[in-house]
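A.B. asks: Handing you a structure now.
The values are calculated or read from the model by the stated rules, or taken from the named source; none is laboratory data. The shown structure was predicted, so the numbers you read here are calculated from the model rather than taken from an experiment. Cβ sites come from the backbone with ideal geometry, for glycine too, and all protein chains shown count toward neighbours. Side chains are part of the model used for accessible areas, which takes the heavy atoms of the whole protein and leaves out ligands, DNA and RNA. Shrake-Rupley method; radii C 1.70, N 1.55, O 1.52, S 1.80 Å.
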Amino acid sequence: MARESASARAARAARILAALERAYPDAHCALDHADPYQLLVATILSAQCTDARVNLVTPAFFARFPDALTLAAGTQEEVEDLIRSTGFFRNKGKNLLAMAAALVERHRGQVPDSMDALRDLPGVGRKTANVILGNAFGRNDGITVDTHVGRIARLLKLTTATDPEKVEQDLMKLFPQAKWTLLSHLLISHGRAVCIARRPDCAACTIAGDCPSARRAAHG
């Protein structure tokens, strides 16, 4: 695989995408949300935390802070109390309050739909912006690279990069733009169901035939 041509890699990527789409037809964003504001809050809370835990916390949070205006008027103490179980609650609380204030001051309380404007918000990097653009606005401006996506992309030898933005650039060259948001959900679903970090089940893997790491494991 070290000498794999660009065309062969592109063909392999296409087969991987098709197989994952068949395996996970319902792949979608696992963070519960009803609008861009809710998704932005949930994504900020999801740092170093499971989506399942975030989904337990957000109903009470959104009942108290249904929009950016109410959140911007909140206190650090109250926000921290609501999000404590997600971890790193002090820093997340500061980011949430600053983000809400920025939305009110710069965007009339509405979440913007551009990469630059999103990244200019406190606590929002490229990964978070990709989540919002892809899932709240239906825009495939990039690929969300979380730990599952980066790990599986390296196992598949679709990238050698460890920096998420470099991984993203490598994947964007291999997959059609219309599938960028979906690709993240597919790889995350696969990482949770089959290609589990501590115990990958290569024998049950639908893309093992196109995975150099699985072939290497099979041959000892």
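A.B. asks: Restricting attention to the range 181-192, does a residue exist that is under 26 Å from Gly138 (Cβ atoms), open to solvent by 60 Å² or more (accessible area, probe 1.4 Å) and in contact (Cβ under 8 Å) with a residue 12 or more places away in the chain?
C.D. replies: Taking every residue of the range 181-192 in turn, at least one turns out to be under 26 Å from Gly138 (Cβ atoms), open to solvent by 60 Å² or more (accessible area, probe 1.4 Å) and in contact (Cβ under 8 Å) with a residue 12 or more places away in the chain.
A.B. asks: Could you list, in sequence order, the residues of the range 104-129 that are hydrophobic (A, V, I, L, M, F, W, C) and either in contact with a Phe, Trp or Tyr (Cβ under 8 Å, 6 or more places away or on another chain) or closer than 24 Å to Thr50 by Cβ (or both)?
C.D. replies: Val111, Leu118, Leu121, Val124, Ala129
A.B. asks: Can you name the residue in the range 76-95 that is open to solvent by 50 Å² or more (accessible area, probe 1.4 Å) and of a type in the set (Lys, Arg) and, of all such residues, is nearest to Pro36 (Cα to Cα)?
C.D. replies: By that ranking, first place goes to Lys94.
A.B. asks: Moving to a separate point now. Inside the range 126-167, can you point out the residues that are in contact with a Pro (Cβ under 8 Å, 6 or more places away or on another chain), of a type in the set (Gly, Ala, Ser) and touching a residue at least 40 places away in the same chain (Cβ under 8 Å)?
C.D. replies: Ala136
A.B. asks: Follow-up question, since we're still on this one. Within the range 96-112, can you find the residues that are open to solvent by 40 Å² or more (accessible area, probe 1.4 Å) and in contact (Cβ under 8 Å) with a residue 40 or more places away in the chain?
C.D. replies: Gln110, the sole residue that qualifies.
A.B. asks: Right, next: Give the range 18-75 a look and list any residue that's open to solvent by less than 40 Å² (accessible area, probe 1.4 Å), under 14 Å from Asn95 (Cα atoms) and assigned to a loop (DSSP other than H, G, I, E, B), or say none.
C.D. replies: The answer is Ser46, Gly74.
A.B. asks: If you don't mind, another one. Condition first: surrounded by 15 or more Cβ atoms within 10 Å (Cβ to Cβ) and closer than 29 Å to Leu155 by Cβ. Can you find one or more residues in the range 1-9 that meet it?
C.D. replies: Yes, the range 1-9 has at least one match.
A.B. asks: Moving on to the next point. I need the full set of residues from the range 102-136 which are charged (D, E, K, R) and either in a helix (DSSP H, G or I) or out of contact with any Leu (no Cβ under 8 Å at 6 or more places or on another chain) (or both), in order please.
C.D. replies: Passing the criteria: Glu105, Arg106, Arg108, Asp116, Arg119, Asp120, Arg126, Lys127.
A.B. asks: Here are Ile152, Ile132, Ile143: which of them is closer than 16 Å to Leu39 by Cα, crowded, with 19+ Cβ neighbours inside 10 Å and either among the aliphatic types (A, V, I, L, M) or modelled with pLDDT under 95 (or both)?
C.D. replies: Answer to the selection: Ile132.
A.B. asks: Since Asn91 meets every condition but one in (1) without any contact (Cβ under 8 Å) to a residue 24 or more places away in the chain; (2) under 25 Å from Ser189 (Cβ atoms); (3) assigned to a helix (DSSP H, G or I), which condition does it not meet?
C.D. replies: (2)
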